[in-house]
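Here the structure comes first, spelled out in structure tokens, and everything after it is commentary.
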Amino acid sequence: MALKCGIIGLAGSGKTTLFNCISNTRAEIHKTAFTSSKSNLGTMNVPDPRLYEIDKFIHSAKIVPTSIEMVDIPGLSKGGSQTEGNKFLADIRNVDALIHVLRCFDDPLLPHIEGSVNPVRDKEIVDLELQIKDLESVEKKLHRLDRAAKTGGDKDAKHGVEILTIYKDHLESFQSARTAPVHKEDKRFIEDLFLLSDKPVMYVCNVDDRSALTGNDFSNIFIESAKEENQEILVIAGKLEAEIAELETSEDRAEFLADAGLTEPGVNRLVRSAYHLLDLQTFFTAGPKEVRAWTIHKGMTAPQAAGVIHSDLERGFIRSEVMKYVEFIKYGSEHACREAGKLLIEGKNYIVQDGDILHIRFNV
């Protein structure tokens, strides 16, 4: 799947530190805005313990997790949408969802670019930069549609003017496009604009090591302020996560986590949350060669899921043999599932569910 999450935030928020913890790419960490000339692209595996549970019964040659792409956007600053930030905001336009990292730690050795730590203010700064760019895009299209409505009598263009006016007023009120009061079917008028503030978003409060479990005053204030948005908010200690990522063995990482009172790295939660933010889900294939996780959009049919594996499987799709993950773990083998009536034969209209174990029958 060619979907990407973009990591955004003010310079010094710690977003590149988090990116380095979860990505196969290591990006240079800068302490001021616009010191990097480009965004960093990385691929990261999606942690899924179900793979290893399935393999306990299969004993395959290898285990292959699914992955997503993450883009680390260089740090923004106030007024960036009008200056150097233009190229970075363009990179934001090309991602499908946003992870907004907020600085919730104090560090005398890393001065905040705004002079003090205030995640609520920092969020407002970034939101405003995105809204300014979106307003420019909306006004340009609004002008075109208004002209078409007046000169050609285009009824759809007239309706588009009404919808875009709602977006314009909403953005001018310092509100993000994702919360504009329009019907789902009317969002078609902004689809070609790829509005920055219309993208789904989650927030990461980057706290100090001591606050990894409980958060701190900064993160608590932000969480309270963002309640009405109803977006997911994670509390993660970026510096601590970087130390965990540097450890070479799983035993060392487990010991480090235990000492910190954690059961798993916080970035694992971050990657899983990003996966769901993109509206994705996982199905599995299992055999002697590999147990593998595959990424699909929610709502995909069995032939479409087969096409993610290989286009020939979708083209020649006949049927899929489906085992539910919980049933497979309960019975322990394909044969046992079949005997218990838990191996289902599904056709072209079957909607694949998260955790399905599929065997595709096809002929080309």
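Among the residues of segment 349-364, which ones are over 20 Å from Glu290 (Cα atoms), of a type outside the set (A, V, I, L, M) and surrounded by 14 or more Cβ atoms within 10 Å (Cβ to Cβ)?
Tyr350, the sole residue that qualifies.
Of Ala340, Ala274, Ala336, Ala305, which residue is modelled with pLDDT of 95 or more and buried (at least 19 other Cβ atoms within 10 Å of the Cβ)?
Numbers: Ala340 fails: buried (at least 19 other Cβ atoms within 10 Å of the Cβ); Ala274 fails: modelled with pLDDT of 95 or more; Ala336 fails: buried (at least 19 other Cβ atoms within 10 Å of the Cβ).
Residue meeting the stated conditions: Ala305.
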request  = Residue by residue through segment 308-318, note down the ones that are of a type in the set (Gly, Ala, Ser) and either outside any helix (DSSP H, G or I) or closer than 12 Å to Arg361 by Cα (or both).
outcome  = Gly316
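Do any helices (runs of 4 or more DSSP H) entirely within segment 188-299 hold 1 or more residues that are out of contact with any strand residue (DSSP E or B) (no Cβ under 6 Å at 6 or more places or on another chain) and touching a residue at least 60 places away in the same chain (Cβ under 8 Å), and if so, which?
217-225, 238-246, 266-277
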inquiry  = Among the numbered criteria (1) modelled with pLDDT of 95 or more; (2) within 30 Å of Val120 (Cα to Cα), which one does Asp186 miss?
reply    = (2)
task = Pull up segment 150-180, narrow it to residues that are more than 31 Å from the chain's Cα centre (by Cα) and in a loop (DSSP other than H, G, I, E, B), then point me to the one that is surrounded by the fewest Cβ atoms within 10 Å (Cβ to Cβ).
result = Gly153
ask   = Would you pick out the residues in segment 225-253 that are of a type outside the set (A, V, I, L, M) and over 24 Å from the mean Cα position of the chain (by Cα)?
value = Glu248, Thr249, Ser250, Glu251, Asp252, Arg253
query = Considering segment 331-354 alone, what residues qualify as being assigned to a loop (DSSP other than H, G, I, E, B) and under 18 Å from Ile318 (Cβ atoms)?
reply = Gly347, Lys348, Asn349, Tyr350, Val352
task = State which residue is nearest to Met70 (Cα to Cα) when the search covers only segment 187-231 and only residues that are surrounded by fewer than 18 Cβ atoms within 10 Å (Cβ to Cβ) and touching a Leu at 6+ places or on another chain (Cβ under 8 Å).
result = Pro200
message = All but one of (1) of a type outside the set (S, T, N, Q); (2) under 30 Å from Gly299 (Cβ atoms); (3) crowded, with 20+ Cβ neighbours inside 10 Å hold for Gly238; state the number of the condition that does not hold.
response = (2)
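The values are calculated or read from the model by the stated rules, or taken from the named source; none is laboratory data. In this text the structure is predicted, and so the values were computed from the model without any measurement. Ideal geometry is used to build each Cβ from the backbone, glycine not excepted, and the neighbour counts take in all protein chains shown.
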